[in-house]
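The values are calculated or read from the model by the stated rules, or taken from the named source; none is laboratory data. Everything quoted here is computed from the prediction, not taken from an experiment. When we count neighbours, we look across all protein chains shown, and the Cβ atoms used for this are built from the backbone with ideal geometry, even at glycine. With ligands, DNA and RNA removed, areas are computed over all heavy atoms of the protein, side chains included. Shrake-Rupley method; radii C 1.70, N 1.55, O 1.52, S 1.80 Å.
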Amino acid sequence: MKKLSITILLALLIASAAMAKQPKNVIIMIGDGMGLAQVYTAMVRNGNSLNLERCTFTGFSKTYSANNYTTDSAAGGTAISCGVKTDNYMIGTRPDSSSVENILEQAERNGKSTGLVVACSVTHATPAAFVAHQPNRGMDDEIAADFLKSNIDVFIGGGRKFFEQRSDKRNLTNELKDKGFQIAYTLDEVNAVTDGKLAGLLYEEQNPDITQRGDMLPNAVKAAINILDNNKKGFFMMIEGSQIDWACHANDVELETLEMLDFDKTIGLVLDYAAKDGNTLVIITADHETGGLTLPKGNMEEGTFAANFSTKSHTGTPVPIYAFGPGAENFTGFMENSSIKAKIEKIAKLK
Ligand code: MG
Ligand code: ZN
């Protein structure tokens, strides 16, 4: 009996030590516009199953911004990356336009490598909120220039023209090379890079939708992790399924489902990496819901459903948050989108 209780005590101690383990790497994945109904379209289509379901802890994020019941992606991204609610359209600043340190900058200060992989221009609102500090999301040229001011190691997406065809005539690609960046214009060129700094500018402006883009997102994510993983101190990365939102603005549920499935495929490979690594916290959430999507009817066996959008804009309803890996247990219940950064800081012991 005594032996048994000692065994139980030991098992509990080991379990609690495992729970308290500090992750070395943090990967935050944002499905832009991804509400619960968007997740469910992909789940039903995919035979009642998603990689997302492997996340062991789930909660909800309240997305309202500093000046609006319904956030945009700039304020939504800033809340997640900088830990402050700001006004719509603002990138990495407080409502008074003062800059706030973002989680990538903080990770860099702590000796970690950092990266971004997105299915849109790297200057678009969501990725911009993790790199830039500008009063308006529409300032693509200024946001591109902020990449030069940052210490980011890897970024892959579209937006080449904001680096090379600028109103100020600067060629930021050349400036990136001077800073030690390898430049990739194609996915093959991205895949050839296994170390160092990488700027992947795969499209002139926005990436095409999933029907044209193919496996760009999961493949680019795989390449980025392979590079960032070289740092013994770990890495911090943001990955965005950028066009779930755009399909919902267009009220195109078929395209939304395909974009969602692409994001879930990417989630699958990230969770595979995190499970194998054992040292990686993965947080998957959205900046807001788009379209006010409801799914009143469907057929699970056939993988079909009827969809109704109630708006062509964003909505204010809370979005799901899913977590996997050491520290995942901190992401349960309702939370403010602006509280996510502080949780990560505490769990990953960022100074
Ligand atoms: Mg976005
Ligand atoms: Zn949107």
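Key figures
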{"quantity": "Which listed residue is over 22 Å from VAL221 (Cα atoms), among the polar types (S, T, N, Q) and in contact with a Gly (Cβ under 7 Å, 6 or more places away or on another chain), from THR86, THR63, THR71, THR41", "calculated": "THR63"}
{"quantity": "Residue in segment 162-182 that is within 16 Å of ligand 1 (Cβ to nearest atom) and either modelled with pLDDT of 95 or more or surrounded by 15 or more Cβ atoms within 10 Å (Cβ to Cβ) (or both) present", "calculated": "yes"}
{"quantity": "Any hit, segment 135-158, residues being closer than 14 Å to GLY76 by Cα and either within 16 Å of ligand 2 (Cβ to nearest atom) or within 18 Å of the chain's Cα centre (by Cα) (or both)", "calculated": "yes"}
{"quantity": "Residue list for segment 216-234, restricted to those being within 16 Å of the chain's Cα centre (by Cα) and of a type in the set (D, E, K, R)", "calculated": "LYS222"}
{"quantity": "Segment 121-157: number of residues that are open to solvent by less than 20 Å² (accessible area, probe 1.4 Å), out of contact with any strand residue (DSSP E or B) (no Cβ under 6 Å at 6 or more places or on another chain) and closer than 18 Å to SER242 by Cβ", "calculated": "5"}
{"quantity": "Flag for GLY92 being at pLDDT 95 or above, within 16 Å of ligand 2 (Cβ to nearest atom) and not charged (D, E, K, R)", "calculated": "no"}
{"quantity": "Pick from segment 42-56, criterion free of Cβ contacts under 8 Å to residues at least 12 places away in the same chain and assigned to a helix (DSSP H, G or I), ranking: nearest to LEU281 (Cα to Cα)", "calculated": "GLU53"}
{"quantity": "Qualifying residue in segment 82-91 (condition: open to solvent by less than 10 Å² (accessible area, probe 1.4 Å), under 19 Å from the mean Cα position of the chain (by Cα) and either within 24 Å of THR186 (Cβ to Cβ) or hydroxyl-bearing (Ser, Thr, Tyr) (or both))", "calculated": "yes"}
